[in-house]
Each structure stands twice: as C-alpha cells, then as structure tokens.
Amino acid sequence: MERKDEAKRHPEKFRRGYRAPAAVLLLGMFATLLLVWMIVIAERQWNVFEWADVAMDMRIRTALFHLWFEENITNGTQEQLGKTFSDLNEAIKLSDALLLGGKSEHGTVLAPVDDPRFRRHAEIVRSRLARLEEIARQRYRRGKVAGIGSPIELEFNAAFLEFDREARDLEILAEKSALSDQAKARRLHVVIIAAWILTVMASAIGLFRRERRQGEAEKALAAAYDDMERQVEVRTAELSNANRKL
C-alpha cells in the first residue's frame, strides 16, 4: 500500500526504478531470439552443404557410368555393359533421397529439399537422370549397333551433358547459399555479442543505481533518526525546565 502511494506521489521516480530491469529483459529476449535464428541458419547451412555434396556425388556416379558404358558398349560384353548401370542406379537413389529424404553415400540422413529454388533444380536433375537411363537402356538392348557415332549415341551424350549441367547448377546454388548463410551467421554472432554486452552493462547500471538509491535512503533515514533524537533531547530539556519551574 505504501509503495502504491509512493508511486502516485513520485511517478517519474517510480518509473526510473523499472527502466533498467525492463531494458535487461528486452535485451535478453532480443539476444535469445537472435540465438534461435542463428541455430536455424546453422541447421539450414548443414542441409545445404549436404545437398551440395549429394549433387557432386551424383555427378561423379553418372560420369563413371557414362565412361564405363561407352567403354563396354564398344569393347565389352553384354554382361559387363549391364553392370555399368550400378553407378547410374546409385545416382538415381541419391536424386530420390534429395527430393524425398533419405541417406547419402556417406550415411548422412538427408532432409527433403524444401526450398523452391533447390527443389526445382532437384526435380529437373531427376528427370534428366530418368531420360539418360531410358536412352541407355535402348542402347543396351541394341548392343554394338548403338555404338560410338550412332544417332542414339549422340542423344545419349546430349542427355548426359544436360544432366551434368543441371546438377552443376544445383551444386553452385548450394555453395552460394551456404556462403550467404555463413555471412548471415557471422553478422548475427556479432549482434548477439553486442546484445549480451549491453545486457551486462544494463544490469550493472541497474545494480549501481539500486545500491546508490539504497545508500541515499539509508543516509536519509540516519539523518531523520538523528533529527528525531535532537528533537527528543530538546523536548526533554523543555519538559525538565517546565518541571523545575513548577
């Protein structure tokens, strides 16, 4: 009750007492939100790095398939030619894992691509792989007739180049996005440090002002007590004089 009355009598003084705690609370909440944001960026950055690795692995697998397929369709047997599809199948599995979620070649669990920019490239890559597999199966069935220099061989090479170009675009996009996220994380880190420094400063200032006000209040109380003692002494002396006169 007395505190409410004091607040009514001295509203400005009352408000000043709560400025430092309010500032500390707001700065703390702000820094916490920035920290959560930085964690989200770090998780996204991890996913983007994984997507870039998968894009590179798909390119390697498909390039190996293209190399050995051309070698075996010219000099190998049908059995050897059939075995070359294992690399292409692995590339297709990686493409599906990129779109739907799954595991990379290194055993890392992949989150499905949810960013529209990445997903568009990933879907095109998947369609390019399907087209490459379709043409390769046709060449496999035809055997040496579909060898080097044939129209279907030219179509096969064109499909491979289209896939590789799109996969490379996906890899470059992921690398650029990762670099951008790194820059954002660095800026957020600096802002978080500044916010926590300000929080500590606001806390220190608040504690200093509180101690100063408490000291001033103690001094005022001591002065009031001394004044009361003086008044009691004066009043006692007056009463003594009055009693002697009586």
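Quick notes on this structure:
- Residue list for region 159-205, filter: of a type in the set (Phe, Trp, Tyr) and within 19 Å of Met58 (Cα to Cα): Phe160, Phe163
- If the condition is being in a helix (DSSP H, G or I), surrounded by fewer than 14 Cβ atoms within 10 Å (Cβ to Cβ) and among the hydrophobic types (A, V, I, L, M, F, W, C), then region 147-173 contributes Leu154, Ala158, Leu161, Ile172.
- Test: residue in region 133-154 that is modelled with pLDDT of 85 or more, closer than 20 Å to Phe69 by Cα and aromatic (Phe, Trp, Tyr): no
- Criterion: touching a residue at least 60 places away in the same chain (Cβ under 8 Å) and in contact with a Ser or Thr (Cβ under 6 Å, 6 or more places away or on another chain) - qualifying residue of Leu170, Leu129, Leu188, Leu198: Leu129
- Only residues that are buried (at least 19 other Cβ atoms within 10 Å of the Cβ) and either assigned to a helix (DSSP H, G or I) or small (Gly, Ala, Ser) (or both) were counted across region 93-125, and they come to 8.
- In region 75-104, the residues that are under 20 Å from Ala167 (Cα atoms) reach residues that are at pLDDT 90 or above and surrounded by fewer than 17 Cβ atoms within 10 Å (Cβ to Cβ) with C-beta atoms within less than 6 angstrom, at least six apart or across chains, in these pairs: Asp87/Leu64.
Conditions (1) at pLDDT 75 or above; (2) in contact with a His (Cβ under 7 Å, 6 or more places away or on another chain); (3) at positive phi; (4) β-branched (Val, Ile, Thr), marked per residue:
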{"position": "Lys8", "(1), (2), (3), (4)": "no, no, no, no"}
{"position": "Leu27", "(1), (2), (3), (4)": "no, no, no, no"}
{"position": "Met58", "(1), (2), (3), (4)": "yes, no, no, no"}
{"position": "Arg61", "(1), (2), (3), (4)": "yes, no, no, no"}
{"position": "Gly82", "(1), (2), (3), (4)": "no, no, no, no"}
{"position": "Ile92", "(1), (2), (3), (4)": "yes, no, no, yes"}
{"position": "Leu100", "(1), (2), (3), (4)": "yes, no, no, no"}
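The values are calculated or read from the model by the stated rules, or taken from the named source; none is laboratory data. Because the structure is predicted, anything quoted here is derived from the model rather than measured. When we count neighbours, we look across all protein chains shown, and the Cβ atoms used for this are built from the backbone with ideal geometry, even at glycine.
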